[in-house]
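Report on the structure given below.
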């Protein structure tokens with residue numbers, strides 16, 4: 001782990017060498033708590049122009065009702081910390097409403113993220129009668145209604161994810177009113193203001209509202225400085241802005257699909273207190289009073305993550321029988337064996353176990369978080385698999401839940417049905433791996449799986465899952481074009497485009513929506529703009545069957561050819577030969593493949609039955 | 001008498017970082033207006049100075065400071081005039 005002192009010099013060297021900050025530097029950036037250091041790191045990162053494509057580019061528009069101060073630098077730090085390469089465009093000072101109303105958020109096109117920095121001054125009337133609190137509360141309500149309208153109009157003109165936040169009520173204003181009754185009325189109006197802002201997230205799919213008021217309440221730092229406010233129209237301190245920047249980093253992480261999906265947990269002194277091999281299954285510390293209740297609360301937190309789609313893996317150096325006994329029989333155990341998609345309880349090194357767990361889940365270790373009380377085990381994983389995020393479970397167990405949840409590793413913009421079903425899906429995936437052992441050839445196995453692929457034109461219900469897949473899929477992502485919800489929704493209703501979801505089921509269960517095709521169909525040549533497929537279902541020929549279906553549709557519509565592209569990234573080499581496998585020929589244009597439909601042979605695998613959901617197709 | 005030297009060193013280091021000039025340059029040319037001493041850098045230096053030195057400065061006098069020495073004497077006044085318990 002890089003310490004704060006070395007961080008800036010290492011970062012400076014990497015930026016100067018046009019390298020994306022290495023993974024350990026990014027981990028240190030993400031863990032930075034000192035806003036001064038974060039600001040200095042951000043200043044270095046503003047000049048970052050990496051020659052590699054290690055970081056995911058994200059364009060951020062920033063509009064503010066006040067001075068943004070160091071927010072731009074702080075955002076560079078927090079965004080690079082989560083693996084993004086930000087290009088931040090700042091709106092003109094004093095033009096907040098005009099910029100929102102005009103819908104022009106960046107000079108070079110639509111940003112991916114539009115951040116709105118709000119402060120109390122925007123909502124307050126120029127003057128009011130302190131003896132009549134309604135002269136204060138009514139204009140506040142009017143102002144928030146205006147802002148809601150502006151934002152409602154702005155989201156129609158942008159496909160950006162619009163992020164805003166709740167606004168703290170300044171103490172000076174509260175204390176201006178001397179009656180407790182009037183103060184309560186003001187506080188109520190202010191809570192209402194924030195409730196109205198939060199409601200925007202329910203009304204518009206592309207709006208995210210951060211509860212900054214409560215984030216700041218948890219911050220052990222001064223969040224306002226009257227001097228800065230008065231001198232520079234800067235209502236928030238560096239500490240407050242850094243807290244906001246970190247929250248925005250979590251949004252970007254979710255928006256870019258960089259969030260984690262798997263939580264690997266140690267047992268002794270992590271999921272329970274004590275060492276089971278020493279005290280026995282019945283005597284581990286779990287439940288009851290402190291400290292046992294802390295371990296139970298961690299189990300509860302893990303269970304709740306699982307309910308939201310996080311896959312749990314057990315990674316413990318222990319005697320498996322003893323562990324099984326504790327998991328099955330301990331009366332306070334909340335996570336029984338069936339809560340875990342993989343149980344790696346043995347005496348082997350944990351890095352090998354985690355790699356194997358990732359393989360059996362068909363997921364990359366990049367989607368793993370590993371929580372362990374042993375600094376040795378964390379260090380070993382940090383060395384061998386630096387892409388895995390680490391959570392320290394040592395120290396007072398009262399901190400366990402916060403240590404796990406505070407970084408927001410698993411954040412998503414919206415929970416989909418697939419998220420909810422994921423742990424069960426991955427359990428059947430593990431069963432499938434066992435089943436595979438009994439067949440002479442992989443084709444026999446695939447036949448026996450009875451795979452059913454359903455292609456459905458995407459409707460508004462499928463849009464969030466399809467956009468999420470586009471954001472999160474790396475291995476089979478042919479062009480890297482990640483259409484967000486707004487764009488996907490627009491394409492799905494545009495007659496010149498076809499957006500199709502892929503749903504797969506087999507004898508072990510329903511995988512849900514696992515892929516999507518984005519096709520432009522305005523000319524005699526249909527163009528596949530992108531094709532994403534979850535790595536969960538790779539290796540079964542599903543991609544060929546789906547493309548074959550597209551070719552059939554194209555031929556039926558009178559098209560003469562289908563064209564596709566492959567844009568290599570650091571992660572999609574698994575899909576590099578896809579177009580050739582599908583019978584397409586490389587063209588003179590780099591990465592473009594072409595198939596004349598008259599030359600088409602049938603590459604659809606015999607073991608997949610393809611259906612289309614007629615009622616949803618135009 | 002080593003404290004002023006330490007404070008001086010801290011102030012020079014912070015200013016050199018914020019203004020992106022070397023400590024030697026600041027020593028030789030201590031007039032702040034010769035560098036990018038605008039409201040943004042002023043406030044960044046203020047935040048760093050206050051957190052590193054445990055002082056709270058009066059912005060009226062801070063913004064009038066012309067040289068590194070002006071800042072040093074402002075900080076010295078603040079340290080002398082503020083009982084430790086209230087810092």
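The values are calculated or read from the model by the stated rules, or taken from the named source; none is laboratory data. Please read these numbers as outputs of a predicted model, since none were measured by experiment. Reconstructed Cβ throughout: ideal geometry from the backbone, glycine too, with neighbour counts over all protein chains shown.
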Report task. Go through the stretch A:98-145 and give me each residue that's part of a loop (DSSP other than H, G, I, E, B), touching a strand residue (DSSP E or B) at 6+ places or on another chain (Cβ under 7 Å) and crowded, with 20+ Cβ neighbours inside 10 Å. Result -> A:105, A:106, A:111, A:112, A:118
Query - helices (runs of 4 or more DSSP H) completely within the stretch A:312-411 that count 3 or more residues being touching a residue at least 24 places away in the same chain (Cβ under 8 Å) and buried (at least 21 other Cβ atoms within 10 Å of the Cβ) - result: A:350-361
Requested in this report: Check A:250, A:260 and return the single one that is over 30 Å from residue A:324 (Cα atoms), surrounded by fewer than 23 Cβ atoms within 10 Å (Cβ to Cβ) and away from chain B (no Cβ under 14 Å).
Outcome: A:250
Query raised in the report: Just to be sure, is residue A:70 away from chain B (no Cβ under 14 Å) and either surrounded by 15 or more Cβ atoms within 10 Å (Cβ to Cβ) or more than 20 Å from the chain's Cα centre (by Cα) (or both)?
Result: no
**Report entry** For residue A:205: the one exception among (1) at pLDDT 95 or above; (2) under 20 Å from the mean Cα position of the chain (by Cα); (3) surrounded by fewer than 23 Cβ atoms within 10 Å (Cβ to Cβ)
**Finding:** (1)
Requested in this report: Find all pairs meeting these conditions: Cβ atoms under 6 angstrom apart; at least six residues apart or on different chains; first residue within the stretch A:228-239 and farther than 15 Å from residue A:64 by Cβ; second residue part of a loop (DSSP other than H, G, I, E, B).
Outcome: A:237/A:222; A:237/A:223; A:237/A:225; A:238/A:70; A:239/A:221
Query raised in the report: Taking residue A:23, is it more than 13 Å from every other protein chain (Cβ to nearest Cβ) and surrounded by fewer than 19 Cβ atoms within 10 Å (Cβ to Cβ)?
Result: yes
Requested in this report: May I ask you to verify whether residue B:71 is under 22 Å from residue A:35 (Cβ atoms), modelled with pLDDT of 90 or more, surrounded by 13 or more Cβ atoms within 10 Å (Cβ to Cβ) and more than 14 Å from every other protein chain (Cβ to nearest Cβ)?
Outcome: yes
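Yes/no per residue for (1) at pLDDT 90 or above; (2) surrounded by 19 or more Cβ atoms within 10 Å (Cβ to Cβ):
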{"site": "A:511", "(1), (2)": "no, yes"}
{"site": "A:518", "(1), (2)": "yes, yes"}
{"site": "A:532", "(1), (2)": "yes, yes"}
{"site": "A:545", "(1), (2)": "yes, yes"}
{"site": "A:552", "(1), (2)": "yes, no"}
{"site": "A:594", "(1), (2)": "yes, no"}
Requested in this report: Determine which single condition residue A:94 fails, assuming it passes every other condition in (1) in contact (Cβ under 8 Å) with a residue 24 or more places away in the chain; (2) assigned to a loop (DSSP other than H, G, I, E, B); (3) over 20 Å from residue B:51 (Cβ atoms).
Outcome: (1)
**Report entry** Residue among A:589, A:570, A:609 that alone is in a strand (DSSP E or B) and surrounded by fewer than 16 Cβ atoms within 10 Å (Cβ to Cβ)
**Finding:** A:609
Query raised in the report: Any idea which residue in the stretch A:29-64 is surrounded by the most Cβ atoms within 10 Å (Cβ to Cβ), counting only those that are within 14 Å of chain B (Cβ to nearest Cβ) and more than 26 Å from residue A:119 (Cα to Cα)?
Result: A:44
Query raised in the report: For the subset of the stretch A:211-230 comprising residues that are assigned to a loop (DSSP other than H, G, I, E, B), closer than 18 Å to residue A:117 by Cβ and away from chain B (no Cβ under 14 Å), which member is modelled with the lowest pLDDT?
Result: A:219
Report task. Go through the stretch A:50-100 and count every residue that is over 27 Å from residue A:157 (Cα atoms) and either in contact with a helix residue (DSSP H, G or I) (Cβ under 8 Å, 6 or more places away or on another chain) or assigned by TED's automatic domain parsing to the domain that holds residue A:484 (or both). Result -> 11
